[in-house]
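Everything below concerns the one structure shown next.
Computed from the coordinates by the stated procedures, all read-outs in this text should not be read as laboratory data. Predicted, not measured: the structure shown is a model, and the values here were computed from it. Note that we place each Cβ from the backbone using ideal geometry, even for glycine, and neighbour counts take in every protein chain shown.
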Amino acid sequence: KIPKGEKSVRIQVPPGIYALAAYVDENGNGKFDQGFLGIPQEPYSFSNSPKVLFSAPSFETCQVKLAEETKIELDFWKYF
């Protein structure tokens, strides 16, 4: 959860290869809400901003290698 008024979150992880997935829990119910046919009802994002059609992208598509402190920006999308 991003604190009110903030636009970023900082997390620390050891060096390695990661794939990031995030969503904004707009209604605060603790889950990623999906509607008919699994269409996301809340903003979501993946590292490397892949095109998402009918399912989540693969790890390989989203992977990023972190060797030191790195800033990664995610673009969030919402269907409705």
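Near the amide H of Gln34, within less than 5 Å, lie the amide hydrogens of Gln41, all on another chain or at least 5 residues away, with H placed in the peptide plane. Cross-link partners of Lys4 among lysines, defined as those whose alpha carbon lies under 25 angstrom from its own and excluding same-chain residues fewer than eight positions apart: Lys31, Lys71, Lys78. In this rough spin-label picture, where each label sits 7 Å from Cα along the Cβ direction, the Ala56-Val13 distance is 1.2 nm. Cross-link partners for Lys65 among the lysines, with Cα-Cα distance under 25 Å and sequence neighbours closer than 8 places in the same chain left out: Lys1, Lys7, Lys51. Gain on full extension, evaluated as 0.36 nm per residue between Asp75 and Gln34 minus their Cα-Cα distance, stands at 12.9 nm.
Provide the convex hull volume over Cα atoms per residue for the chain, in Å³. Before the final figure, lay out each step's value.
On the way: hull volume 8.7 nm³, N = 80.
About 109 Å³ per residue, rounded to a whole number.
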